[in-house]
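Working notes, structure below.
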Amino acid sequence: MSLAAARPIADGLFVEAGGELRLLGSECDRCGAVTFPGQASCPRCTSTDVSDRLLARRGTLWTWTIQAFAPKSPPYAVDDPEAFEPYGVGYVELPGEVRVEARLTVADPDQLRTGMAMELTLIPAPGVEPDVVTYAFRPVDGEAP
Amino acid sequence: MSDVGVIGIGIHPFGRHPGVSGLDMAAVAARRALADAGVRWEEIEFAAGGSDAAGNADTSVAVLGLTGIPFINVKNGCATGASALATAHAMLSAQTADVALVVGFDKHPPGAFNPLPEDWGLGAWYGETGMMLTTQFFAMKIQRYMSEHGITASTLAKVAAKAFRNGASNPNAWRRKPLSEQEILSSRMLNHPLTQYMFCSPGEGAVALVLARGQRLRDAASRPVYLRSVAFRTRRFGSFEVFSPSIPIESAPSPTVEAAAAAFEQAGIGPDDVDIAQLQDTESGAEIMHLAESGLCQHGEQELLIQSGATELSGRLPVNTDGGCLANGEPIGASGLRQVHEIVLQLRGEAAERQAPGPRRVGFTQVYGAPGVSACAVLSR
Ligand SMILES: [Zn+2]
């Protein structure tokens, strides 16, 4: 799925840069701490000198779970427990940067293990508007679980 | 060494009590604690208490009697009860008062807590895309921990089975039906690797404690249990906590690690001396991780400890002898004080059917909650 024909669920989370989808984080100019989403001040050293940073597209799965029941709405976008389909959630460690929490494209526990290679992608955001997308990570092709 | 002790304990049963307000439950617990201490309400010189969702604690003085005492309302999330306890402990240690009452209560509607992203400084997208769930966080923390330290799903189930077994012999517990390891493992998977019966539920209940110092402590009707220390910490940068769209790779210890270390240091008592412990068990995995975070064992050692029965009532280190949050539910304001209530009962040797055998001299309590707070206490005879 490309960003060109889609609307991001929120501004400032991800962008297309050089033809590639990238998460948009921030990096502290003083201590180097990286956050996602970007913050105006550093949670590590309290500095307000921070810059935007495009995060790595690939990383490894640090931990994960399967959301097997319908979340309450609000805050979840969909209030229809009958139609709910389980989905994966995890933290992906982007080497040298940060661990990002994200939806996963896989919802089968047998296809997930900590340490597996993951890559950034887009998925339709939960809700009624079909063209709204959010970021997610998918297992890198050929990576056996 | 602390000159402060618990001389009276009172509890309103946990569970669901339609038509009974949180404040009503608080008044019941307070009267029971006063009766247990042999102290009249007019003798209380200081009080602290609170609830997360059931009103201001000092409103209960209208029920107990308007005596003009200083009363501090506490509202501090999952650390509400422990913060009230820490406040009273500090006031007594400073000799500002000789006899104090601490009360914690709550009344939550059925179902999971329903936090909103805006209240946590997060964009609406975080909730809309289905990541604003505490249960997901707990599952992901134990999932990582299991892969790092070789903890099995069987051990998760054993923690819950123990909780319901202990709850069955606790007349004040909410869930009093024992469940087998197999029933727990085969209950509905909510957030892999955690099943339905591995999670606690929001509930209702109240606990009160009477604390005393100096001569009032020595004159107490029942043999006092000393409150050796109370320590309270919040998260540092790098601690893995709930509702975090990202976490740094450079990790920091959980606030429990620092709160427990501080509590042991202030008490002059080490984790090896602990004979019985009540640990935050929002879900099975939490009890496992908190055992090591508190210093009661090494990381990874829980697998053998729990499989060998060391944390059972009859074991070397009984944990959550009253059934913990799993069997009692979690009325936030009351939960931390319930742990102290249980330690006092056990150290007095008055826990009846669920009394841990043998001499038990040192007890430890630990609460933990969002967004990364922990409070620990050391008690001893
Ligand atoms: Zn910084």
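For the range B:114-139, enumerate the residues that are without any contact (Cβ under 8 Å) to a residue 60 or more places away in the chain and either buried (at least 23 other Cβ atoms within 10 Å of the Cβ) or among the aromatic types (Phe, Trp, Tyr) (or both).
Those that are without any contact (Cβ under 8 Å) to a residue 60 or more places away in the chain and either buried (at least 23 other Cβ atoms within 10 Å of the Cβ) or among the aromatic types (Phe, Trp, Tyr) (or both): B:125, B:127, B:128, B:129, B:130, B:133, B:136.
Would it be correct to say that residue B:132 is among the hydrophobic types (A, V, I, L, M, F, W, C) and either under 30 Å from residue B:20 (Cβ atoms) or more than 23 Å from the chain's Cα centre (by Cα) (or both)?
yes
Out of B:287, B:303, B:330, B:265, which single residue is outside any helix (DSSP H, G or I) and either under 14 Å from the mean Cα position of the chain (by Cα) or not small (Gly, Ala, Ser) (or both)?
When all the criteria are applied, what remains is B:330.
From (1) part of a strand (DSSP E or B); (2) closer than 20 Å to residue B:325 by Cβ, pick out the condition that doesn't hold for residue B:228.
(2)
Hey, does the range B:3-17 have a residue that's in a loop (DSSP other than H, G, I, E, B) and either free of Cβ contacts under 8 Å to residues at least 60 places away in the same chain or buried (at least 23 other Cβ atoms within 10 Å of the Cβ) (or both)?
So the first thing to find is which residues in the range B:3-17 are in a loop (DSSP other than H, G, I, E, B), and the list is B:3, B:16-17.
Still in the running and either free of Cβ contacts under 8 Å to residues at least 60 places away in the same chain or buried (at least 23 other Cβ atoms within 10 Å of the Cβ) (or both): none.
Among the residues of the range B:3-17, not one is in a loop (DSSP other than H, G, I, E, B) and either free of Cβ contacts under 8 Å to residues at least 60 places away in the same chain or buried (at least 23 other Cβ atoms within 10 Å of the Cβ) (or both), which makes the answer no.
Is there a residue in the range A:112-131 that is without any contact (Cβ under 8 Å) to a residue 24 or more places away in the chain, over 13 Å from the mean Cα position of the chain (by Cα) and within 30 Å of residue A:18 (Cβ to Cβ)?
Looking through the range A:112-131, at least one residue is without any contact (Cβ under 8 Å) to a residue 24 or more places away in the chain, over 13 Å from the mean Cα position of the chain (by Cα) and within 30 Å of residue A:18 (Cβ to Cβ).
When residue A:25 is evaluated against the numbered criteria (1) more than 16 Å from the ligand (Cβ to nearest atom); (2) touching a Leu at 6+ places or on another chain (Cβ under 6 Å), which criterion, by number, is the only one it fails?
(1)
One residue is enough: does the range B:56-74 have a residue meeting the conditions under 17 Å from the mean Cα position of the chain (by Cα), assigned to a helix (DSSP H, G or I) and under 19 Å from residue B:341 (Cα atoms)?
First pass over the range B:56-74, keeping only residues under 17 Å from the mean Cα position of the chain (by Cα): B:74.
Right, trim to assigned to a helix (DSSP H, G or I) and you get none.
Checked against the condition, which is being under 17 Å from the mean Cα position of the chain (by Cα), assigned to a helix (DSSP H, G or I) and under 19 Å from residue B:341 (Cα atoms), the range B:56-74 yields no hits at all.
Grab the helices (runs of 4 or more DSSP H) fully contained in the range B:112-210, keeping just those with 1 or more residues being over 30 Å from residue B:357 (Cα atoms) and out of contact with any helix residue (DSSP H, G or I) (no Cβ under 6 Å at 6 or more places or on another chain).
B:124-128, B:134-149
Every residue, every condition in (1) in a strand (DSSP E or B); (2) within 12 Å of chain B (Cβ to nearest Cβ), yes or no:
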{"site": "A:31", "(1), (2)": "no, yes"}
{"site": "A:43", "(1), (2)": "no, yes"}
{"site": "A:47", "(1), (2)": "no, no"}
{"site": "A:52", "(1), (2)": "yes, no"}
{"site": "A:66", "(1), (2)": "yes, yes"}
{"site": "A:72", "(1), (2)": "no, yes"}
{"site": "A:79", "(1), (2)": "no, yes"}
{"site": "A:85", "(1), (2)": "no, yes"}
{"site": "A:88", "(1), (2)": "yes, yes"}
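Please list, ordered by first then second residue, the pairs with beta carbon atoms under 8 Å, 6 or more apart or interchain, first in the range A:14-39 and farther than 22 Å from residue A:103 by Cα, second within 10 Å of the ligand (Cβ to nearest atom) and among the aromatic types (Phe, Trp, Tyr).
That search, which allows pairs on different chains as well, returns A:33/B:237.
So is residue B:130 within 14 Å of chain A (Cβ to nearest Cβ) and either within 21 Å of residue B:11 (Cβ to Cβ) or not hydroxyl-bearing (Ser, Thr, Tyr) (or both) or not?
yes
So in the range A:38-65, with the set limited to residues that are surrounded by fewer than 17 Cβ atoms within 10 Å (Cβ to Cβ) and charged (D, E, K, R), which one is nearest to the ligand (Cβ to nearest atom)?
Per the criteria, the residue is A:49.
When the range A:90-133 is examined, which residues are found to be in a loop (DSSP other than H, G, I, E, B), more than 10 Å from chain B (Cβ to nearest Cβ) and farther than 29 Å from residue A:79 by Cα?
A:116
At pLDDT below 95 and of a type in the set (Ser, Thr, Tyr): which single residue out of B:180, B:201, B:169 fits that description?
Answer to the check: B:201.
The values are calculated or read from the model by the stated rules, or taken from the named source; none is laboratory data. Since the model is a prediction, treat every value here as computed from it, not as a measurement. Positions of Cβ are backbone-derived with ideal geometry, glycine not excepted, and every protein chain shown enters the neighbour counts.
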